[in-house]
Amino acid sequence: MTTDWRARTLFWVGLAFALFQLIVPVFVSLYDMQLRSLHVMLGVTTIIIAAPWATQRARGFGMVVDITLIVLVVAANAVIFVNWEDIITYPGDASLLYQLLGAALAIIILDAARRATGWAIPICVLLIFAYVFVGPWMPGRWTHPGFPLEYVIETLYYSSSGIYGSLTGTSATFIAMFILFGALLQATGGGKTFMDIALWLAGRYQGGPAKVGVVASALFGMISGSAVANVSVTGNYTIPLMRKLGYDANFAGGVESMSSTGGGITPPVMGIAAFIMADLLNMSYLNIIGYATIPCLLFYTGIVAGVHFEAARLGLAPVPPADIPRARDIFTWSKIVPLFLPVAILLGLLFSGMTLTSSGFYACAAVVVLYLLSDVDPQAMRERGRKLLQALGKGGVSVAEIVPILVAVGMFTSLLGLTGVAPKVSSVILEMGGANLIGSLAVAAIIPLVLGAPLPVTATYILSAALIAPALVKLQIDIVAAHMFLLYWATLASVTPPTCTACVIAANISGGNWFKTSLVGMRLGIVAFIVPFFFVVNPALIARGPLIEVITVATSGFVGAIFLAAGFFGFLRSRLNWLLRLMYLVTGGLLLAPSNQLLVIGGILAIAGVAIESLLMRRQTPVSQ
């Protein structure tokens, strides 16, 4: 009974939060700090209800604790909502009572982040908080003057930075809006429709089951932006399908985990981190989509090519025709229009110059209207309305899960600025990399890779941008390329040992070994590990250069991704010996490299390799009598 009561409460609180985030930022005139305070209050309250402190044995006491925490959250944010003007005019001028409320709120936010994603983010914040006070005793470059506790609390709470900084502002506006947009799209049956489209597109070809996994994961990933969620949804269908048709367990898991990882870098929706990148760079989100397109296409080219070559090498069968849905059953009004037209409306509104938040709202409204009207039968409309309400309730909880994470990261970056750590980390990266750009980039890549082991992609990208981006900019690297570099490495952490959470989940579904699954995934997605270095060297790979150069590097990169896959999986037109595999690996790397000289060498090697393979194929073909 208690569980039912809590579930009902959570649904209504999540629904209320979702409706607040849909309506208030667009139609209610609130000042920034007022909106942010309400966002923090509702988000943290929802998480406290969703992940209660109580255990079954002490639920009565735990409920008292949670109610007390909610009261403190409401009181602390009410102070900000009422006194926002004084805070803007006289920041850091808080009374003792307000300081105590601020300290309590900071602790509760860290606890809420722990409830949402575990200890990783709270530990990061606590470490930088400790550094604020031990800094005066640190050696060398790491020393700083130190700050009084009152000043630190006021900076975090009673100011427009810290808890109520710009990161909270992005969370309270377009991030929340697009999470709800994704939740509504999924309510229309998007996951099943994407799977059917993938089966129809790729199922009949050699390697079809794995190609279905790639296509379905790319489509679903554009909405979810989460590798783990992607594997959990699409993997439960694609992995058993691959296994049934003879695919190795580790290969099946590797295909699904790496394909799912690409969702966060797949236009036109991409993941939350891409919206934050647009905000940090003060650029249109449409520009970010454009810059991400070529690397994304190269990434999936490598995966599809690897899948095809492995299937051809092993002689694996396509999906049986009986299991492939018919086009007329897929491309119906009720399935396609509510799923794809809202995305088209969203992009159209963005192109017209409308803000991200307003565009997101009207795209959400389009999903609701089109889905309800896709079947005008009253009973069907009631059922669809119920699904939409459930989606909003779940979407509100999904937004709430992001709130304490982003607010805690905002606290971290605020303390980072206070202590001046970022320039110190920048100097270390510059020293370790020396005069070698690739060396500096290799050192810089380690930080998001390490941070991404315990942290979500969004948090990893933000922390990496705060710590590393200044160093990369000092190297006179294109600023968009620098941020895209960090986003790629933050994303790749979910498929890179030692944690590789997406691979662990995929291996659990396939029955394979998580480490071997990760190695397969890394071979399939090798382009994603290489191309960030190349688009930093030559931003034409992210469409920041002359058009002819962009076309040249994109075309050569496309061919290079295919040759890399051939080298890694030992097949192009026939089984390859070790010498040809090595030759194709070198060829692929040279064609991907953004250099005209290397491109020419790669082209010559490609022609020579194909000629040698053709000659070997002729020798192996018996002469007909």
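The values are calculated or read from the model by the stated rules, or taken from the named source; none is laboratory data. Not measured: the values here are computed from a predicted model. Every residue, glycine among them, receives a Cβ derived from its backbone with ideal geometry; neighbour counts consider all protein chains shown.
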Exercise. Give the residues of segment 436-463 that are of a type in the set (S, T, N, Q) and more than 17 Å from the chain's Cα centre (by Cα), sorted by residue number.
Key: Asn436, Ser440
Quiz prompt | One residue from Ala469, Ala459, Ala482 being within 18 Å of Thr117 (Cα to Cα), surrounded by 15 or more Cβ atoms within 10 Å (Cβ to Cβ) and out of contact with any Ser or Thr (no Cβ under 6 Å at 6 or more places or on another chain) | solution = Ala459
Quiz item: Among (1) surrounded by fewer than 12 Cβ atoms within 10 Å (Cβ to Cβ); (2) farther than 16 Å from Ile109 by Cβ, which single condition is Gly62 missing?
Solution: (1)
Exercise. Return yes when Leu184 is touching a residue at least 40 places away in the same chain (Cβ under 8 Å), in contact with a Gly (Cβ under 9 Å, 6 or more places away or on another chain), of a type outside the set (Lys, Arg) and part of a helix (DSSP H, G or I) and no when it is not.
Key: yes
Exercise. Name the helices (runs of 4 or more DSSP H) wholly inside segment 22-125 in which the number of residues that are in the same structural domain as Leu10 (by TED's automatic domain parsing) and hydroxyl-bearing (Ser, Thr, Tyr) is 3 or more.
Key: 32-50
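Go over the candidates Thr491, Thr501, Thr496 one by one and state the one that is under 21 Å from Leu286 (Cα atoms) and either assigned by TED's automatic domain parsing to the domain that holds Ser595 or modelled with pLDDT under 90 (or both).
Only one candidate qualifies: Thr491.
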Quiz item: Has segment 248-257 got any residue that is modelled with pLDDT of 85 or more, on the phi < 0 side of the Ramachandran plot and touching a Pro at 6+ places or on another chain (Cβ under 7 Å)?
Solution: no
Self-check item: Subset of segment 327-343 (residues that are of a type outside the set (A, V, I, L, M) and either touching a Lys or Arg at 6+ places or on another chain (Cβ under 6 Å) or without any contact (Cβ under 8 Å) to a residue 40 or more places away in the chain (or both))
Solution: Arg328, Phe331, Thr332, Phe340
Quiz item: Does Ile477 count as under 22 Å from Thr238 (Cα atoms), surrounded by fewer than 24 Cβ atoms within 10 Å (Cβ to Cβ) and outside the structural domain of Asn282 (by TED's automatic domain parsing)?
Solution: no
Quiz item: Restricting attention to segment 153-168, and to residues there that are part of a helix (DSSP H, G or I) and either touching a helix residue (DSSP H, G or I) at 6+ places or on another chain (Cβ under 6 Å) or free of Cβ contacts under 8 Å to residues at least 60 places away in the same chain (or both), which single residue is farthest from Leu280 (Cα to Cα)?
Solution: Ile153
